[in-house]
1. Among (1) open to solvent by less than 60 Å² (accessible area, probe 1.4 Å); (2) of a type outside the set (Lys, Arg); (3) at positive phi, there is one condition Met82 misses while meeting the rest; what is its number?
2. Out of all the residues in the stretch 34-44, which are away from ligand 2 (no atom under 15 Å from the Cβ) and within 18 Å of the chain's Cα centre (by Cα)?
3. On the given criteria, is Glu51 more than 16 Å from ligand 2 (Cβ to nearest atom), over 19 Å from Leu205 (Cβ atoms), in contact (Cβ under 8 Å) with a residue 12 or more places away in the chain and surrounded by fewer than 21 Cβ atoms within 10 Å (Cβ to Cβ)?
4. Just the residues that are more than 16 Å from Arg216 (Cβ to Cβ), among the β-branched types (Val, Ile, Thr) and within 11 Å of ligand 2 (Cβ to nearest atom), please, taken from the stretch 176-203.
5. Contact list please: Cβ distance under 7 Å, first residue in the stretch 192-205 and more than 11 Å from Tyr141 (Cα to Cα) and among the charged types (D, E, K, R), second residue modelled with pLDDT of 95 or more and within 13 Å of ligand 3 (Cβ to nearest atom), pairs at least six apart or on different chains.
6. Check Ile17, Ile8, Ile49, Ile89 and return the single one that is in contact with an Asp or Glu (Cβ under 7 Å, 6 or more places away or on another chain), at pLDDT 95 or above and of a type in the set (Val, Ile, Thr).
7. Find the residue count for the stretch 195-223, including only residues that are surrounded by 14 or more Cβ atoms within 10 Å (Cβ to Cβ) and under 16 Å from Asn24 (Cα atoms).
8. Quick check on the stretch 147-162. Is at least one of its residues open to solvent by 30 Å² or more (accessible area, probe 1.4 Å), modelled with pLDDT of 95 or more and in contact with a Ser or Thr (Cβ under 8 Å, 6 or more places away or on another chain)?
Amino acid sequence: MQELLSKIDKSRLPRHIAIIMDGNGRWAKEQGQDRLFGHFHGVESVRDIVEGCAEMGIEYLTLYAFSTENWDRPQYEVVGLMELLVKTIRGEAEGLNKNNIRLHVIGDFKMLPDYAQRELQEALDLTAGNTGLNLIMALSYSGRWELLNAVKSIAYAVKKGQLDVADIGQETLQQYLCTSDFPDPELMIRTSGEYRISNFLLYQLAYAELYFTSVRWPEFRKANLYEAILDFQGRERRFGKTGEQVKVAEK
Ligand code: IPE
Ligand code: IPE
Ligand code: MG
């Protein structure tokens, strides 16, 4: 693992990594266990990856923990996930704070049960002054929900005369997204072998490098993160330009 870490160019780290933490249910099934057992073990991976990012000096880490569509899962799983969320936040808040990590939440906060909102709010307040890793939890989040909200808010601002249609630019739209305070992710990782975005950061991932691994989330550890970053560092990010233009600009 140290060898992998030493291969990473510390001057070219992604500022923002986003992860779709997928495969808890399948991992549990493979162990002959209930899906909730998988979610429970997934928390260990969260802890390890947050620690790994903080150690490396990554500035932003967004974790997709619960999507808008996940509300449609069986009731016992939804309740189990909410309880796990609360227990985890309660257990980890002090540790996050000690490590100078600032917690953020993106998503439809009001959809979460009251007890979860309260626990999260405490952790948000506790860590609000921290200046290290920004840990962004996507909860009851989906890209389409976010874009719809943004469109409604912009339309409302125009109606009230606060905004001129001619002045609406990319920056305006960005300001109305939940991620207005964060740069776009440069690297998006999805575990467990699925090659899709599943309604995650649809606008923000426009130019992210996508990394897919078959490793199930409960088994994803720092070494897997280092592999993803190394893969990222081997890519040529062209942003629509030609490879030649990119090489000239790098010189
Ligand atoms: C990801 O694991 C966690 C959440 C979506 C909450 P899954 O629960 O989707 O696990 P699989 O994909 O069914 O294996
Ligand atoms: C995406 O995983 C959401 C999270 C990881 C929170 P899903 O398991 O819900 O996505 P699909 O259903 O495979 O597209
Ligand atoms: Mg899944």
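1. Here Met82 meets the rest and fails (3).
2. Glu44, the sole residue that qualifies.
3. The answer is yes for Glu51.
4. Answer for the stretch 176-203, where residues must be more than 16 Å from Arg216 (Cβ to Cβ), among the β-branched types (Val, Ile, Thr) and within 11 Å of ligand 2 (Cβ to nearest atom): just Ile197.
5. If the second residue must be modelled with pLDDT of 95 or more and within 13 Å of ligand 3 (Cβ to nearest atom), the pairs left are Glu194/Asp22.
6. Result: Ile89 is the single residue among Ile17, Ile8, Ile49, Ile89 that is in contact with an Asp or Glu (Cβ under 7 Å, 6 or more places away or on another chain), at pLDDT 95 or above and of a type in the set (Val, Ile, Thr).
7. Counting residues in the stretch 195-223 that are surrounded by 14 or more Cβ atoms within 10 Å (Cβ to Cβ) and under 16 Å from Asn24 (Cα atoms) gives 10.
8. No.
The values are calculated or read from the model by the stated rules, or taken from the named source; none is laboratory data. Computed from a predicted structure; not experimentally measured. Glycine gets a Cβ as well: all are built from the backbone with ideal geometry, and neighbour counts include every protein chain shown. Keep in mind that these areas ignore ligands, DNA and RNA; they rest on the heavy atoms of the full protein, side chains included. Shrake-Rupley method; radii C 1.70, N 1.55, O 1.52, S 1.80 Å.
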